[in-house]
């Protein structure tokens, strides 16, 4: 067999927010019985969604598809304020699986609104997290921009009363460029005390930046609608990897990408389980004489509590990474 070195990113895969969201659905099914409804994909990964369906979760697009007498879970990406308000009006049992780091951005938006500031959000139009964050304040308070070009064109009410926030799953480098453009145009714009891009997004991108220059190809395991997974492909390309692709599962992989490759990088987006990484490695072992190396940029120890309605004391640990 041809030798192939697989360079594994660490950290990779599930983050604490995804762990928590999945566990909320599972515990809700245990507590209330099936079916438990989930508004939108709990996280952007089809394997996870299908696994939860088998356990009794029913995924819907909107709240009006949920019966009044069944519990509903809101996805990890967050929801506009109108959604829990409607659930309360209908006296529904609802559980909020919004990632606490997304909730942090929601609180920042509320704070700026209460302080009388207009808010510029850096993010991708149509993404569920962006829709949820825009819905934390009344219409017209927040303006969405995606790049420096849009920053140059945006019209604001009062340049002296401006703030910015960001989607948590952006490319760190590209977000920095947009933030620099905002600060150049409005030097007094107020930003977050600590950047909004989440630790997991930052860490996974950092690992890819280290790996990309020493890998001839890179595979990102993730879903096409996963923002953080798509960013990993972009980061790999920008950091110098000649070939970078995203696949959801090993069976989708076109192995022609590995032709002539001696060092193959593998990572996974924050909503992709480690099982899918193991699948790709197993498929590679069928074709190559595989040696594993790991590039570790940090250890992740963050954990988030479950909602008190499920268990006030339980903490969901970040998934252990294989060595």
Top of 199, 113, 32 by mean-square fluctuation, Gaussian network on the chain, Cα under 10 Å: 32
Bridge type composition, the chain - antiparallel percent by DSSP, nearest 5: 5 percent
Residue order, fewest to most surrounding Cβ atoms within 10 angstrom, among 15, 241: 241, 15
Gaussian network model of the chain, springs between alpha carbon atoms under 10 Å - residue of 71, 187, 80 with greatest fluctuation: 187
Relative pair counts by distance (%), Cα atoms of the range 101-185, 10 Å bins: 18, 55, 27, 0
Of 188, 228, 45, the one that fluctuates the most in a GNM where the chain has Cα springs shorter than 10 Å: 188
Cα-based Kirkwood hydrodynamic radius, the range 1-82, one decimal, Å: 14.2 Å
Cα extents of the chain along the three principal axes, largest first (Å): 63, 54, 31
Order of 301, 201 - criterion: other Cβ atoms within 10 Å of each residue's Cβ, fewest first: 301, 201
Value at 222 nm in deg cm²/dmol, rounded to 500, when DSSP H runs of n ≥ 4 in the chain each add -39,500 (n - 2.57): -11000 deg cm²/dmol
Relative exposure of 209, 184, judged by other C-beta atoms within 10 Å (fewest first): 184, 209
Estimated FRET transfer efficiency (residue 104, residue 283; beta-carbon r; R0 45 Å; 0.05): 0.70
Pairwise Cα inverse-distance average, inverted: Kirkwood Rh of the range 153-285 (Å): 16.3 Å
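Taken together, the values in this text are just the output of simple stated rules run on the coordinates, not laboratory data. Note that this is a predicted model, so its numbers are computed, not measured. Ideal geometry is used to build each Cβ from the backbone, glycine not excepted, and the neighbour counts take in all protein chains shown.
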